[in-house]
Structures are given as C-alpha cells and as structure tokens.
Amino acid sequence: MHHDVIVIGGSYAGMAAALQLVRARRSVLVIDAGERRNRFARHSHGFLGQDGVPPGEIAASARRQLGAYSTLNWLEGRVEAVTGQVDEFTVKTSDGGAYRGRRILLATGVADQLPAVEGLAERWGTAIFHCPYCHGYELGQGCIGIVGTGPMSIHQAELLTDWGSVTLLVNGAVELSQEVRSTLERRGVMIEETAIDRIEGHADVMLADGRLLRFAGLFTATRTSPSGSLVEAMGCVLEETPMGMQILTDAESRTSVSGVFACGDVARAPHSVSLAVGNGAMAGAQVHRSLLWPETIVPVQAEGRVR
C-alpha cells in the first residue's frame, strides 16, 4: 500500500498530526516504538482538559480515537531507514518491513542527557523534572533543588522561585559571575557550592561533605537530541538551541529534506505535552497542504546552521 503520509513516532505530536490528516481522508501510517518521553511520569499537568491524568491514559485515549478513522494504519515497530524522494519514500523497519509513502513526518521525540549524579536517573519523572509548568505546582511551595548542568540552570533557578524556596546546587557545572549571584540572591535563591555525592529517598541530596538536604522535588536542565540516529542518517539539518539539538524546520514544519516534515519536541522548544499537541496539529495541516499544492514543498535553507 502506498500511503499519503508516514508518521514516524506515535506520541502526542505524531498523533495530533495524524488526526488532522485522517480527518482530511488521507491514508496515514503511524509507526511507533512505544517510547514516550514522559513515560516515567505518574501524571501529566498543564494540558487543558487532561490536567492530572496519567500520560499513558492520555496516549491510549488518543490512539483509540484515531482508530475510529478507516484511513489510519498503526504499526508498532522501529524505523531503521528512510530512502527515496517526494511521492516515493520507502520506510524500512527493524523487522524487515518496507512501507511506501508520499510524505514523511518525523515526530520521533528527543532523548534526555541526564547529569551523571548517582540516584538521579532512577527518580527522573517522579521526583526530578525539567518543566516547572508541568510539575512545579504539585510541590506545594516546598523546598526545590536545581541540579546544575549549565547556563539553563540559572534560568530554572530564577523561574522556579514562584513555585517554592529554591536552592541552586552548582555541582561544579555552573559558572556564576558576581552579577548573576546578585540577581539570584535578589530572587531569594540559595546557592550551594558543595558537590553532590548522591540523591536518595524521595528527593534528598547528600552532599560531598556529609550534609543532607531534603527537597520536595528537584529540577535539572537536561541536554536533548533527536532520539536514535534516524534523523541525521536522513540528512536532516539540525540546529543548536539552549536546550540541545533539534531538527531545523520552518513555520510550515518543513525540514531541509524535500518532502520530509517534523514536529513536536524533536523540532520545537520548549517542550510539554500541550505544546507538542499544538505543534503536531499544525504540522499535520501543513503536510496536508503539501499534498494539495506540491509546489509548496521547498526545503529549509540551512546556511549558517549547525548540522
């Protein structure tokens, strides 16, 4: 079967895009590896109409709704390669399958590079977070720790003062000028210079000098990059953002590869479920427009960009 669109990645952005396309009665194949970025979180917050709902339930409900459309096909699998060109792409999966499509929409999501702190990875998404709008309110204005990773940690520290009493745990990863120190102090941020030994309990930080700091929750600014190696293998140009690398796209969600579009966390920052859904819906509409008016398929120009 030759699909109008193959969506690679069936999380929130991918499903939002697919919904626009199947409602335009286009044939859509979604290929999903089942690795939602927020799969470790117990609840999703800040998404209108779904506030406090477990993220798995949101995803499952969305998939059921998509399944009501006869032009939707869903494949659980992992994409290994994409070859071809506009109107004649071939997507190959790890189980040896090959699928043809006129357009490709990348909604693969991103991978988080977590700080190398003992005990942090085990608490990611349950007691340690990256987005204050998603998880700050539930901390009840308690003590909040920022595990330093770089310049974005300073921004996090200032921002999170609206959600509780903030301590910036520098941990040798953040350079603080006197001006920055003064700004943080004016915002009421406490600065802890001692290195972190480990994280234990719920969100308790054991420092290298033996002191134990207890927090209602911790935040850290991870570095992100497109999940897997597919994006770069396809030749999509990447760009650097304060949060990490993402696919270079334009306002119409077009990438540097003709006929290939991208949406969600892999193409837009900042990241949240609601922002991914909105961006996915817009991307789906733009892909549909490209099917109606092929002359609009103009790759993003990447002069001066990072690849």
**Extreme residue, modelled with the lowest pLDDT, among residues of the range 224-248 that are part of a loop (DSSP other than H, G, I, E, B), hydrophobic (A, V, I, L, M, F, W, C) and within 15 Å of the chain's Cα centre (by Cα)** = MET243
**Asked** Going by the structure shown, is ARG25 of a type outside the set (A, V, I, L, M, F, W, C), closer than 15 Å to ARG63 by Cβ and in the same structural domain as VAL266 (by TED's automatic domain parsing)?
**Response** no
**Message:** Out of the residues in the range 270-293 meeting the condition of being at pLDDT below 95 and surrounded by fewer than 14 Cβ atoms within 10 Å (Cβ to Cβ), tell me which one is farthest from the chain's Cα centre (by Cα).
**Reply:** TRP293
**Request:** Of all residues in the range 40-65, count the ones that are part of a loop (DSSP other than H, G, I, E, B) and under 14 Å from CYS134 (Cβ atoms).
**Result:** 12
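Each row is one residue, and each column tells you yes or no for (1) within 18 Å of the chain's Cα centre (by Cα); (2) buried (at least 19 other Cβ atoms within 10 Å of the Cβ).
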{"residue": "VAL5", "(1), (2)": "no, yes"}
{"residue": "TYR12", "(1), (2)": "yes, yes"}
{"residue": "LEU21", "(1), (2)": "no, yes"}
{"residue": "GLY34", "(1), (2)": "yes, no"}
{"residue": "HIS43", "(1), (2)": "yes, no"}
{"residue": "ALA59", "(1), (2)": "yes, yes"}
**Message:** Going residue by residue through the range 249-260, is there one that turns out to be hydroxyl-bearing (Ser, Thr, Tyr), part of a loop (DSSP other than H, G, I, E, B) and over 23 Å from ASP87 (Cα atoms)?
**Reply:** no
**Message:** Taking the conditions exactly as written (within 21 Å of ALA121 (Cα to Cα) and touching a helix residue (DSSP H, G or I) at 6+ places or on another chain (Cβ under 8 Å)), does SER253 satisfy them or not?
**Reply:** no
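The values are calculated or read from the model by the stated rules, or taken from the named source; none is laboratory data. Small disclaimer: the values here were computed from a predicted structure and weren't measured. Please note: Cβ atoms are built from the backbone with ideal geometry, for glycine as well, and neighbour counts cover all protein chains shown.
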